[in-house]
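The values are calculated or read from the model by the stated rules, or taken from the named source; none is laboratory data. Model, not experiment: these values are computed from the prediction. Quick reminder, even Gly has a Cβ in these numbers, built from the backbone with ideal geometry, and neighbours come from all protein chains shown. Ligands, DNA and RNA are stripped out before the accessible areas are found, and what is left, the full protein with its side chains, is counted by its heavy atoms. Shrake-Rupley method; radii C 1.70, N 1.55, O 1.52, S 1.80 Å.
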Amino acid sequence: MPTLSLKECKRKTAGWIVEACDDDDDSLLIFADILHRSVPRLLSATNSNNVEDTFVHNAVTDLLDVVFGEDQKLCHEWANKKLPGTEASVLMKPDFMAATKPSHRVVYLFSVEIKPPSKTRDDDVCEDRVKLGVQMKAMLQVPESLRL
């Protein structure tokens, strides 16, 4: 299988961006932008991708930034920030969270747990599903307490 150089990949994805703009195709523009930003990181990925935070930074940041970073009504936060509204004894640190701020209050809309490809054992995935359930419950209680 032939490998493409960074220059070839950037040229191709830049061409898709131009094509999307010419065709007024917003979906293609988003997809091309994600690839254009992500290709250099994916091509230079190291073995450190087995560390969750490093994997998120190297492989997923651009994808989430393009999808959620463009909307001025959303704010997003990255790994290692405690999810507000969770009990002090329960430490919930999602890998990614998106929120909105109605009436100067922060309301978290969703959280994401991300596993690098090297950490996809059933135990890890099950643990994240439980964690996501607890996080969703905490996030749903905030709007209810604010009567939104």
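Checking ALA14, ALA45 one by one, the residue that is at pLDDT 75 or above and more than 30 Å from ARG105 (Cβ to Cβ) is ALA14 and no other. Residues that are open to solvent by 60 Å² or more (accessible area, probe 1.4 Å) and either closer than 21 Å to ASN58 by Cβ or touching an Asp or Glu at 6+ places or on another chain (Cβ under 9 Å) (or both) within region 26-43 comprise ILE30, PHE31, ARG37, ARG41, LEU42, LEU43, listed in sequence order.
Looking only at residues of region 94-124 that are open to solvent by 50 Å² or more (accessible area, probe 1.4 Å) and among the β-branched types (Val, Ile, Thr), we find that the one that is modelled with the lowest pLDDT is THR120. The listed residues are LEU148, LEU91, LEU132, and the only one of them that is at pLDDT below 70 and farther than 22 Å from ASP71 by Cα turns out to be LEU91. Would you confirm whether any residue within region 17-24 is assigned to a helix (DSSP H, G or I), at pLDDT 75 or above and under 23 Å from PRO94 (Cβ atoms)? Taking every residue of region 17-24 in turn, none turns out to be assigned to a helix (DSSP H, G or I), at pLDDT 75 or above and under 23 Å from PRO94 (Cβ atoms).
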